1. Just to be sure, is A207 surrounded by fewer than 18 Cβ atoms within 10 Å (Cβ to Cβ) and more than 29 Å from H102 (Cβ to Cβ)?
2. Select from region 212-254 the residues that are of a type in the set (A, V, I, L, M) and modelled with pLDDT under 90 and list them in ascending order.
3. Taking region 153-191 as the search range and keeping residues that are among the hydroxyl-bearing types (S, T, Y) and farther than 28 Å from P134 by Cα, which one is modelled with the highest pLDDT?
4. Would you check which residues across region 119-141 are under 21 Å from the mean Cα position of the chain (by Cα) and free of Cβ contacts under 8 Å to residues at least 60 places away in the same chain and list them?
5. Could you please let me know if N144 is of a type in the set (S, T, N, Q), under 16 Å from the mean Cα position of the chain (by Cα) and not in a helix (DSSP H, G or I)?
Amino acid sequence: MKLAGSVALVTGGASGLGGATVKRLVAGGALVVIVDRDEAKGNALAAELGGKAVFAKADVTEPAQIEAAIAEAGKLGTLRIAVSCAGVGWASRTLDKTGKPHDLDLFKTVVGINLIGTFNVLRLAAAAIAKADPIDGERGVIVNTASVAAYDGQIGQIAYAASKAGVVGMTLPAARDLAPAGIRVVTIAPGLFDTPMLGALPEDKRAALAADVVFPKRLGDPAEYGALVASIVELGYLNGETIRLDGSLRMPPK
């Protein structure tokens, strides 16, 4: 699938990994719908990219809002690429130090956004992409975002790790389900990236995190995530796989 001339939709696209992906897809010649809840950042990025991107405010857990965002993509052309970067994470142990159990609503919220929200985008985007005319037998590509926490969940990450493991678990069956429609599905499991979430940490904390990375000993650049998305789109034989993008990091227990 060629980036040039394609229409893409990126959730969580106003900043961080999603924002870098939007910029990379536009640089490759795609037209992009930036989907996010942050209206100010979304509109600012769309303005920065001129007529190559538009913003659609939406919550990934709300079907009607995602359908509206997909309709916006349809105004730009034929939707062929969907990338899910929207996600949240809160730290909480199964039992805290006083023996109090993990808040169930918090667990539901994390799974609801990270896993159910990702599936919501996948199913609705697939329905739209399936209507496209095939190009060399392929209609489109869906890229989801998991995390190394899906494999190496740390203390306090039980909700986050469970949600991201679910995204990994969806990858192969989704690819198999969508094969008759000519749609590929690939997941990226990023490690420690220099996103706004980590940007709020003091420099010594950021340096300590980077020290755990095997090589190169630094935080990931969101542009590297965007570059991998672009490569996935253009590599037609890559399907049903989760790719760790982590500098060989294996997360310690805490």
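The values are calculated or read from the model by the stated rules, or taken from the named source; none is laboratory data. The structure presented is a predicted model; accordingly, all values stated were derived computationally and were not measured. For neighbour counting, all protein chains shown are included, and Cβ atoms are generated from backbone atoms with ideal geometry for every residue, glycine included.
1. On the way: surrounded by fewer than 18 Cβ atoms within 10 Å (Cβ to Cβ): yes; more than 29 Å from H102 (Cβ to Cβ): yes.
Answer is yes for this residue.
2. Initial filter on region 212-254 (of a type in the set (A, V, I, L, M)): 213-214, 219, 223, 227-230, 232-233, 235, 238, 243, 245, 249, 251.
M251, the sole residue that qualifies.
3. Among those residues, the one meeting the criterion is S163.
4. Of region 119-141, the ones under 21 Å from the mean Cα position of the chain (by Cα) are 119-130, 139-141.
Matches in region 119-141: F119, R123, A126, A127, A128, I129, A130, R139.
5. The answer is yes for N144.
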